[in-house]
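Data block below; observations after.
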Amino acid sequence: MSRRRIASTLALVAAAGLMLSACAPAGNPADVVVDDPSAATSTGGALTYVISSDPTSTNPINLNDRWGLTFANIVYSPLARVEGDGTVVNELADSITPAEDGLSVTVKLKSGLKWSDGEPLTAEDVVFTYTEKAKKENGNADLLWVGDKPITAEATDDTTVVFHLPSISAAALSNIATETYIIPKHVYGEITDFSTADLDPAAVGSGPYQLAEYKRGEYLRFEPNPNYAGDAPQISDLTLRIVSNADTVKTALQTGEVDASFITAAQVEEFEGTDVTVHPYAEGRVAYLGVIAAKVPDVKVRQALFYALDKKQIDDGAFLSTDYYEPAYSILPPSNPFATEDVEKYETDLKKAQTLLAGATPTLTLGYTAGDPAQETEATLIQEQAGKAGITVELQAVDPSALYADIEKGAGSSFDVFLGGYIMGNDPDAYSALFRTGASANYFAYSNPAVDTLFDQGVAELDDAKRKAIYADLQKTIADDAVFYPLADNLKILATGPRVGGVDEAVLVPIYTFEHWEKLTVK
């Protein structure tokens with residue numbers, strides 16, 4: 001929804017991340033069973049990891065939610081990854097080289113790459129993937145465009161791809177290098193519409209595992225990919241089990257029914273003294289209250305709502321304490337090198353809120369994710385606080401895929417405001433997918449030509465100090481327009497049972513949980 005982005009001779013800045021709560025709507029395809037998947041050499045054993053819902057998409061061309069990206073990271077591979085410190089780690093790529101003129105990037109693939117079905121993975125597959133992803137009608141093209149033109153890809157031989165930029169872009173290399181999972185042309189080459197939520201036939205990828213079975217609403221099961229280019233997976237049977245209720249997850253961890261899951265900050269104490277290990281880690285995530293501008297067109301009403309809120313009370317309620325969160329004040333997480341707090345923070349001021357309302361008593365419908373304890377707390381507190389200013393907030397909890405399928409309707413949405421969160425990485429150009437007019441993840445139905453211009457100026461500026469000044473102005477402008485109320489950068493908390501090993505080697509990362517699922521072990 002979901003970007004994981006590189007320092008280079010183009011003065012690029014690394015990032016890592018993707019839209020979460022801003023995500024594509026889910027489809028309802030039939031359950032998938034893959035007959036007789038092959039198994040690579042492994043130490044064996046089974047591991048069950050809990051996810052909270054079905055992926056909203058299993059199509060690498062348009063997926064951008066947490067569980068869709070987790071699926072992709074297990075089954076497919078990108079050209080490269082960008083670590084949290086900006087280090088670039090090649091995966092399918094052997095080298096990535098920007099041209100001196102800043103108008104092209106050459107990628108050399110590793111030799112001998114194969115798909116899970118045994119066919120060779122070549123530069124033509126890379127060109128095919130990027131060409132389809134760059135098509136706006138497929139739903140996730142924003143960051144593969146520079147201005148009003150797409151980045152194009154050309155295969156010059158079986159292992160070399162040249163990406164051509166229409167103009168110099170400070171974010172282009174990072175946008176090319178990561179977050180795009182390569183798909184096989186020989187399997188999907190005849191598909192004419194990649195805007196759908198799932199691909200048929202079942203996934204053929206180059207990641208550590210291949211999909212063995214998918215029973216919608218229950219689980220996704222994976223077995224090792226015998227042709228994986230990296231080290232063979234250590235677990236022979238990996239299951240992502242779908243459980244939406246946090247209390248059910250807690251009990252399953254305590255009894256050993258499942259091996260790993262995210263937990264809430266409030267649950268941490270309940271695992272003290274047990275054989276469950278807790279791993280808090282930062283994702284650079286922004287939890288927020290979003291306003292659909294087309295539903296609440298009066299900026300004074302939006303500002304009044306924000307002045308009625310008490311950020312600290314909401315954050316403490318949802319995330320327990322500052323041990324588990326840092327308050328956020330702009331569209332960028334506090335840890336982002338481009339973030340500024342020199343914006344309108346909307347400190348609680350009921351008198352100002354009431355003055356802005358000028359006697360009006362608006363009623364707003366707030367949508368949030370059912371079964372999410374943090375969002376349930378946020379919603380209840382927002383309702384209570386807004387009421388003190390004369391704003392009635394009606395709460396509606398829904399499935400996450402249904403929520404975003406609805407809010408993307410803009411003026412036709414059932415909701416006026418909604419709760420969400422996203423991880424977009426360090427390069428601020430990635431956030432254009434959320435706030436640029438008409439962007440694919442602009443679920444705020446927000447449009448400000450001044451903001452669009454600032455995004456254009458920021459991505460074209462190679463001087464780091466000048467870029468920071470541009471993005472500071474951009475953050476101020478969006479804050480003044482009051483379509484986005486940032487709550488916090490909250491830690492993610494993973495809990496693992498006593499059977500699970502290799503967590504450090506697998507590396508905890510934003511969105512995917514583990515960067516290298518193949519390095520997990522079980523006792």
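Using only Cα atoms, figure out Rg for segment 75-116 and give it as a multiple of 2.2 N^0.38 Å.
Against the empirical 2.2 N^0.38 Å value, I get 1.32 for segment 75-116.
Using a 1.4 Å probe on the protein heavy atoms, what percent of the accessible area of the chain belongs to carbon and sulfur?
Working: 9130 of 19240 Å².
Carbon and sulfur: 47 percent of the exposed surface of the chain.
What size of dipole, in debye to the nearest 20, comes out for segment 82-239 about its Cα centre when the only charges are +1 on Lys and Arg C-beta atoms and -1 on Asp and Glu C-beta atoms?
So the dipole magnitude of segment 82-239 works out to roughly 120 debye.
Just for the chain, what percent of DSSP beta bridges are antiparallel, to the closest 5?
So the antiparallel bridges in the chain amount to around 80 percent.
Over the Cα atoms of segment 267-349, compute the convex hull volume and normalise it per residue, giving Å³.
Spelled out: Cα convex hull of segment 267-349, divided by residues, is 127 Å³.
Using the Karplus curve 6.51 cos²θ - 1.76 cosθ + 1.60 with θ = phi - 60°, work out ³J(HN,Hα) for each residue of segment 149-156 in order, rounded to whole Hz, and write x for Gly and Pro.
With the stated coefficients, segment 149-156 comes to 9, x, 6, 10, 10, 9, 8, 9 Hz.
With only alpha-carbon atoms counted, please give the Rg and Dmax of segment 373-428, in Å.
Radius of gyration, then largest Cα-Cα span, for segment 373-428: 13.4, 39 Å.
In Å², and per residue, what accessible area does the chain have when probed at 1.4 Å with the other protein chains present?
Heavy-atom SASA per residue in the chain reads 37 Å².
Once amide H atoms are placed 1.01 Å from N in the peptide plane, what residues at a sequence separation of 5 or more from PHE514, or on another chain, have their amide H within under 5 Å of its amide H?
Amide H neighbours of PHE514, under 5 Å, 5+ apart: VAL509.
With the cut-off at 19 Å, tell me which of the pairs LYS352/LYS388; LYS114/LYS136; LYS133/LYS492 have Cα atoms farther apart than that.
On the way: LYS352/LYS388 12 Å; LYS114/LYS136 29 Å; LYS133/LYS492 29 Å.
Among LYS352/LYS388; LYS114/LYS136; LYS133/LYS492, the Cα-Cα distance tops 19 Å for LYS114/LYS136; LYS133/LYS492.
Dimensions of segment 149-210 along principal axes (Cα, Å, largest first)?
Reported extents, whole Å, longest axis first: 38, 26, 22.
Which listed residue (GLY284, GLN354, ALA370) has the Cα farthest towards the positive end of the charge dipole for the chain, taking +1 on Lys and Arg C-beta and -1 on Asp and Glu C-beta about the Cα centre?
GLN354
Give the distance, in whole Å, between the Cα centre of segment 300-314 and the Cα centre of segment 120-189.
Spelled out, the Cα-based centre of one part sits 41 Å from the other.
Enumerate the calculated ³J(HN,Hα) couplings along segment 393-399 in order (Karplus 6.51 cos²θ - 1.76 cosθ + 1.60, θ = phi - 60°), each rounded to whole Hz, writing x wherever the residue is Gly or Pro.
Working through the residues one at a time gives 10, 9, 9, 9, 8, 9, 4 Hz.
Placing +1 on the Cβ of each Lys and Arg and -1 on the Cβ of each Asp and Glu in the chain, which of ALA197, ALA405, GLY112 has its Cα farthest towards the positive end of the resulting dipole?
Toward the positive end, the furthest listed residue is ALA405.
Taking segment 430-523, how much of its Cα-Cα pair set, in percent, is spaced more than 19 angstrom apart?
58
For segment 91-221, what is the Kirkwood estimate of the hydrodynamic radius, computed as the reciprocal of the mean inverse distance between distinct Cα atoms, to one decimal in Å? Kindly include the intermediate steps, with their values, before the conclusion.
Values: mean 1/r = 0.0633 Å⁻¹.
The answer is 15.8 Å.
Treating only the Cβ of Lys, Arg, Asp and Glu as charged (+1, +1, -1, -1), what charge dipole size does the chain show about its Cα centre? Round to the nearest 20 debye.
Charge dipole of the chain: 780 debye, to the nearest 20.
Nearest 20 debye, what's the magnitude of the dipole of segment 415-480 about its Cα centre given +1 on Lys and Arg Cβ and -1 on Asp and Glu Cβ?
With only Lys, Arg, Asp and Glu charged at Cβ, the dipole is about 80 debye.
Quick one: in segment 396-453, what % of C-alpha pairs are over 14 Å apart?
So the pairs more than 14 Å apart make up 58 percent of the total in segment 396-453.
Per residue, how big is the convex hull around the C-alpha atoms of the chain? Give it to me in cubic angstrom, could you?
Spread over its residues, the Cα hull of the chain gives 128 Å³ apiece.
When only alpha-carbon atoms are used, what values of Rg and Dmax, in angstrom, describe segment 181-278?
17.7, 55
Would you compute, from DSSP H runs of 4+ residues alone, the mean residue ellipticity of the chain at 222 nm, taking -39500 (n - 2.57) per run and dividing by the full residue count, rounded to the nearest 500?
About -7000 deg cm²/dmol.
The values are calculated or read from the model by the stated rules, or taken from the named source; none is laboratory data. As the structure is a prediction and not an experimental result, all values here were calculated from the model. We place every Cβ from the backbone using ideal geometry, glycine too, and count neighbours over all the protein chains shown. Keep in mind that these areas ignore ligands, DNA and RNA; they rest on the heavy atoms of the full protein, side chains included. Shrake-Rupley method; radii C 1.70, N 1.55, O 1.52, S 1.80 Å.
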